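Presented below is the structure to which this report refers.
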Amino acid sequence: MTSVGLLYPGHSAEDDYPRIAVLLDSDIRLPVFHTDIGEDAHREDALIEMGSAARLAAGVEELRLAGAESLVWACTSGSFIRGWEGAQQQIRELARTAGLPASSTSFAFVHAVRALGAARVAVAATYPEDVTESFAGFLRAGGVEVTAARASGIVTAAEVGTWGRGEVLELARAGDDPRADAVLLPDTALHTAAYLGELEAEMGKPVLTANQVTVWEGLRLAGRRAWADELGTLFARPDWDRSEWKPEEDERAERDGRE
């Protein structure tokens, strides 16, 4: 049994996680612990407050008591908005508070892009333009080349949570770039788990989504591999040698706040 504890702000698309757990069809648990979202707004000051140490710490004790082996702050904008160094400090504090290896969805995207060997990515975001550019800047700070970044201008997670298959597919289509090796959809308020196979078939390339990479990151920190073709290329059973994948090295980096 492997248990990945997820700190999730508010209530929007957290039902993606039990869906992912079922698709993994294994002894993997993905318990979700909700944090207080505060003001629901994709705006810099509100996002910084959403990811404050006090708000995150409030959910950590319950997570620890549930027997989690790793912890992921399941929020993209509430981490990258602090910049690379600020986001590292955020997960350092989480790791110290919980006594567990910790990460966030923002770092999950960077690690997943590296794992896929994608040289260039396109960003298809629900966010306003300034927040989308902050995410693109975070990726660049992590060594990821961003060829295009499309903003949808949605202000609240509540609205994003109402989007269904049609809106998700259209978002990916609009944000794709022929120069990109992968398309990134960076909002954990967006339901995507049910559409990953269709998204990749439509794009003809790997698609990484926030809730998908969040789970992958938690499993990586726990040293657990899992496969599910329905969850896209990131979870596809490998037909190449990944023997050099060393999660313990990245775990130490996250504990220390280094890359």
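Observations on the model:
- Ile28 meets the conditions (1) touching a Gly at 6+ places or on another chain (Cβ under 7 Å); (2) surrounded by fewer than 24 Cβ atoms within 10 Å (Cβ to Cβ) in every case but one. The failed one is (1).
- Number of residues in the stretch 193-240 that are basic (Lys, Arg) and either touching a residue at least 24 places away in the same chain (Cβ under 8 Å) or crowded, with 24+ Cβ neighbours inside 10 Å (or both): the value is 3.
- Within the stretch 162-259, helices (runs of 4 or more DSSP H) holding 2 or more residues that are under 16 Å from Ala21 (Cα atoms), at pLDDT 95 or above and in contact with a strand residue (DSSP E or B) (Cβ under 8 Å, 6 or more places away or on another chain): 210-221
- Matching residues, the stretch 1-31, being of a type in the set (Lys, Arg) and part of a loop (DSSP other than H, G, I, E, B): none
- Residue check for Val110: at pLDDT 95 or above and touching a strand residue (DSSP E or B) at 6+ places or on another chain (Cβ under 8 Å): no
- Tabulated pairs, the stretch 62-75, first more than 14 Å from Ile91 (Cβ to Cβ) and basic (Lys, Arg), second assigned to a loop (DSSP other than H, G, I, E, B) and at pLDDT below 95, C-beta under 9 angstrom, 6+ apart or interchain: Arg64/Gly99; Arg64/Leu100
- The listed residues are Ser134, Ser77, Ser104, Ser70, and the only one of them that is among the polar types (S, T, N, Q) and out of contact with any Phe, Trp or Tyr (no Cβ under 7 Å at 6 or more places or on another chain) turns out to be Ser70.
- Condition met for Asp40 (assigned to a loop (DSSP other than H, G, I, E, B) and acidic (Asp, Glu)): yes
- Count of the stretch 65-78 residues, restricted to those that are outside any loop (DSSP other than H, G, I, E, B), more than 13 Å from the chain's Cα centre (by Cα) and surrounded by 16 or more Cβ atoms within 10 Å (Cβ to Cβ), is 1.
- Of the candidates Ile20, Ile48, the single residue that is under 14 Å from the mean Cα position of the chain (by Cα), among the aliphatic types (A, V, I, L, M) and either within 25 Å of Glu133 (Cα to Cα) or buried (at least 18 other Cβ atoms within 10 Å of the Cβ) (or both) is Ile20.
The values are calculated or read from the model by the stated rules, or taken from the named source; none is laboratory data. Note that the structure is a prediction, hence the values are computed from the model and not measured. Note that we place each Cβ from the backbone using ideal geometry, even for glycine, and neighbour counts take in every protein chain shown.
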